[in-house]
């Protein structure tokens with residue numbers, strides 16, 4: 001009986017490692033991380049209804065991947081209007097280990113770092129006393145990380161880069177408790193995910209000083225796919 005058990009375990013690990021091979025594109029690294037966390041033992045615990053830290057982390061990474069894919073689906077219309085979109089990119093050496101969820105370059109040379117965020121709809125997103133809150137939870141770090149990524153991309157490309165956080169599900173609420181169409185914190189724009197394409201088009205109306213083709217070439221050299229790094 002020992003041999004069949006050993007073979008079954010070996011097959012489970014083989015399947016697991018094949019599934020964790022990273023791809024590229026929207027949400028690729030988040031999806032790969034979720035699969036890494038869902039080891040055969042974690043999958044067994046999930047099947048038995050046992051809550052584990054790795055299982056919760058895997059669900060969070062999976063939700064992040066879904067949010068990035070939804071954002072990519074919304075942004076697909078921009079490619080027909082001459083925009084260039086790149087997803088799940090590594091920062092240049094020396095700029096840290098974070099990844100850029102999405103990079104958008106307009107036809108007239110504007111550059112944006114985009115960070116889709118899935119947040120539960122039962123809690124509003126607000127800015128209070130210089131911090132970003134999702135209900136009573138301080139989520140400022142999510143915005144500051146986006147700003148740092150935009151600054152790194154700006155240094156790599158030699159042009160200004162606008163950071164935008166796109167919130168999926170959770171409503172934005174302004175300082176007086178009224179619904180808001182946009183929030184801002186530390187130079188980062190925070191908008192509802194469903195209006196992101198319109199926000200980008202409006203922000204890129206004024207021509208920039210660098211040709212879009214040059215910026216695309218520079219980005220492809222400096223920012224490789226994160227999962228390949």
Heads up, the strands (runs of 3 or more DSSP E) in segment 141-229 (entirely inside) with at least 2 residues that are modelled with pLDDT of 95 or more and under 17 Å from residue 101 (Cα atoms) are 161-169, 188-192
Picking from 107, 93, the residue that is in contact (Cβ under 8 Å) with a residue 40 or more places away in the chain and either part of a loop (DSSP other than H, G, I, E, B) or within 29 Å of residue 32 (Cα to Cα) (or both) would be 107
query: Taking residue 153, is it closer than 24 Å to residue 69 by Cβ, under 17 Å from the mean Cα position of the chain (by Cα) and surrounded by 19 or more Cβ atoms within 10 Å (Cβ to Cβ)?
result: yes
Among the residues of segment 44-58, is there at least one that is assigned to a loop (DSSP other than H, G, I, E, B) and surrounded by 18 or more Cβ atoms within 10 Å (Cβ to Cβ)? no
Reported set for segment 78-95 where residues are exposed (fewer than 11 other Cβ atoms within 10 Å of the Cβ) and on the phi > 0 side of the Ramachandran plot is 94
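The values are calculated or read from the model by the stated rules, or taken from the named source; none is laboratory data. What you see is a predicted model; the values in this text were computed from it and never measured. With ideal geometry, Cβ positions are generated from the backbone for all residues, glycine too; neighbour counts draw on all protein chains shown.
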